[in-house]
Amino acid sequence: MISKRANRLSPSETLKITAKAKQMAREGASVISLSAGEPDFKTPAHICNAAIDAITDGFHGYTMNTGMPELREAISVKLKKDNNLDYAADQIVLSNGAKQSIGFSILATINPGDEVLIPAPYWVSYPEMVKMAEGNPKIIKTTFANNYKLTPDQLEEAITNKTKAIILCTPSNPTGACYTKNELKALGDILEKHPDIIIFSDEIYEYIVFDGEHTSILNASPALKDRTVIINGFSKGFAMTGWRLGYMAGPKTIVAAMAKIQSQETSAPSSISQKAGLAAYTGTMKPILEMREAFRERRDFIVHALREINGVECFTPSGAFYVFPDIHQFLGRETSDGEKIETSTDLCIYLLEKHGVATVPGDAFGEPNGLRISYAASMEQLNEAMTRFKNGLSQIN
């Protein structure tokens, strides 16, 4: 009864852990969840007010399949102003979240048997999206020593005659690492030698960069533009996760193919959300900068707290709102009550069930020696979570 396509897929581990934490909380357990990938701030008031005005004014019908022209024009302006990238409005498609933009772009370009290169640790949905398109995700394992960033040598070695695309994410989910312009240029130099490879550049965390400015691969290697798809959206930087609004910008051929798929699957995103998105890109950035500074403070706190724990290693991420500490020294051991901790999944389940702190296992991201901790939580919660985390690890012998 179930299709082979569906059976090939794995459920999202981040959603799974988050659901378990919520269920435990509903049952009365004290749980601090550092598993969800969403800001804990409210959407800025001017954005909410634009949505309220849209409802009051009766702006609640369908828009064009690719999104309302005014918002696509605003995105075009934003890409030029913030990223020094030139995209006309007809090179942009709005979707129900950046996740859909990635998924539909992959469906529009990947054929059965095509290889898609994915550096690990990776966002959990990348390999599954490739599988959905009947492509083959080819995982490239990066190292903690290099802040889990792909090197040119690793990229060159991974490319074969079956390679159709690569997915890059900077700032990274799950590690928070950011590629520098020089690092992206070095990768771009390799990709320029392989003119048939498509680049999917996931830049959804661009407004949460602490050290310097966000850099797109096209800033480093403009020659790749005719085969690069930029993925972005409003969920992370503007605290608009539930509004479900993202977009892609790219070559007209890919844009047209992606829009065709969207027209048959979902059509355009919510008209109300689009009006909110227009306010986000044309209004004040003050709340966004304030959120970023709060995230910076939390990052510094949690990195320091993790480094104080014997057996834990953690580099300082340059963006997003995650840390991805190395916890391999706790694997293959037992807790004080005899519970075996063989994998990062075992560790996360133990920390959740016995100590009430929810994180996401590195197994879900293709890196078994780590785990992802979101610091999109209050300082009070983070302080208590780190106390529980440290206590839990101290009971592993």
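Each value in this text was obtained by applying a stated rule to the coordinates, not by laboratory testing. Values in this document were obtained by computation on a predicted structure and should not be read as measured data. Virtual Cβ from ideal backbone geometry, glycine too; neighbours counted across all protein chains shown.
So how long is each side of segment 193-331 along the principal axes, counting just the alpha-carbon atoms, biggest first, in Å?
53, 42, 30
Given the C-alpha centroids of segment 178-233 and segment 256-329, what is the distance between them in whole angstrom?
Taking the Cα centre of each part, segment 178-233 and segment 256-329 sit 17 Å apart.
Report, in listed order, any pair from K225/K275; K81/K185; K149/K260; K81/K275; K78/K99 with a Cα-Cα distance greater than 27 Å.
On the way: K225/K275 29 Å; K81/K185 21 Å; K149/K260 34 Å; K81/K275 20 Å; K78/K99 20 Å.
Pairs exceeding 27 Å: K225/K275; K149/K260.
With a 10 Å Cβ neighbour count serving as the proxy for reagent exposure, in which order, fewest first, do T266, T63, T142 appear?
Numbers: T266 13, T63 19, T142 22.
Exposure proxy ranking, most exposed first: T266, T63, T142.
Suppose each label sits 7 Å from its Cα in the direction of the beta carbon; what would the L9-T284 distance come out to in nanometres?
4.1 nm
Give me the net charge of R299's neighbourhood, meaning all other residues with Cβ under 11 Å from the Cβ of R299; Lys, Arg count +1, Asp, Glu -1.
So the surrounding residues net to -1.
Could you tell me what a quarter of the Cα convex hull surface of the chain works out to, in nm² with one decimal place? Each step should come with its number before you reach the end.
Details: hull surface 80.3 nm².
Mean orientational projected area (the chain, Cα hull): 20.1 nm².
How many percent of DSSP beta bridges within segment 45-282 run antiparallel, rounded to 5?
Rounded to the nearest five, the antiparallel share is 30 percent.
Using +1 on the beta carbon of Lys and Arg, -1 on that of Asp and Glu, and nothing else charged, what's the dipole of segment 45-282 about the Cα centre, debye to 20? Could the numbers behind the result be given before it?
Values: 21 positive and 25 negative charges, 38 e Å.
Taking the Cα centre of segment 45-282 as origin, the dipole is about 180 debye.
If you take the square roots of the eigenvalues of the alpha-carbon gyration tensor of segment 243-395 and sort them as a ≥ b ≥ c, do you get rounded (a/c under 1.5), prolate (a/b over b/c) or oblate?
Details: a/c = 2.78, a/b = 1.81, b/c = 1.54.
Cα axes put segment 243-395 in the prolate bin.
What does the helix-only formula give at 222 nm for the chain: each DSSP H stretch with n ≥ 4 adding -39500 (n - 2.57), the total divided by the residues, and the result rounded to the nearest 500 deg cm²/dmol? Don't jump to the answer; show the numbers that get you there.
Numbers: 14 runs with 165 residues, N = 397.
Counting only the DSSP helices, I get -13000 deg cm²/dmol.
Antiparallel DSSP bridges in the chain: what percent, to the nearest 5? Mind showing how you got there, number by number?
Values: 18 of 38 bridges.
Roughly 45 percent of the DSSP beta bridges within the chain come out antiparallel.
Within 10 Å of each candidate Cβ there may be at most 15 other Cβ atoms; applying that plus a DSSP loop requirement, which GluC sites (Glu not before Pro) in segment 121-159 survive?
Numbers: sites: E128, E134, E156, E157; in loops: E134.
Answer by residue number: E134.
Would you please classify the overall shape of segment 45-282 from the alpha carbon gyration tensor, given that a ≥ b ≥ c denote the square roots of the eigenvalues, rounded means a/c under 1.5, and beyond that prolate means a/b larger than b/c while oblate covers the rest?
Working: a/c = 1.93, a/b = 1.54, b/c = 1.25.
It comes out prolate by the Cα gyration axes.
Please name which of A74, A54, I254 has its Cα lying farthest along the dipole of segment 45-282 towards the positive end, using unit charges on Cβ (Lys, Arg +1; Asp, Glu -1) and the Cα centre as origin.
Positive-most Cα among the choices belongs to A54.
Nearest 0.05, what FRET efficiency do M64 and E339 give at R0 = 56 Å with Cβ-Cβ as r? Show your work: numbers first, answer last.
On the way: r = 55 Å, r/R0 = 0.99.
With a Förster radius of 56 Å, E is 0.50.
For segment 1-137, take N as its residue count and report Rg(C-alpha) divided by 2.2 N^0.38 Å. Mind showing how you got there, number by number?
Working: Rg = 19.5 Å, N = 137, 2.2 N^0.38 = 14.3 Å.
Rg over 2.2 N^0.38 Å, computed on Cα atoms: 1.36.
In segment 173-287, what percentage of the DSSP-assigned beta bridges are antiparallel, given to the nearest 5? Mind showing how you got there, number by number?
Values: 4 of 8 bridges.
Close to 50 percent.
Could you size up the charge dipole of the chain around its Cα centre, putting +1 on the beta carbon of Lys and Arg and -1 on that of Asp and Glu, and report it in debye to the nearest 20?
Values: 41 positive and 46 negative charges, 131 e Å.
In total the dipole reaches around 620 debye.
What does the charge add up to near S172, with Lys and Arg as +1, Asp and Glu as -1, over the other residues with Cβ less than 10 Å from its Cβ? Don't skip to the end; give the middle numbers.
Details: positive: K149; negative: D202.
Net local charge, S172 excluded: 0.
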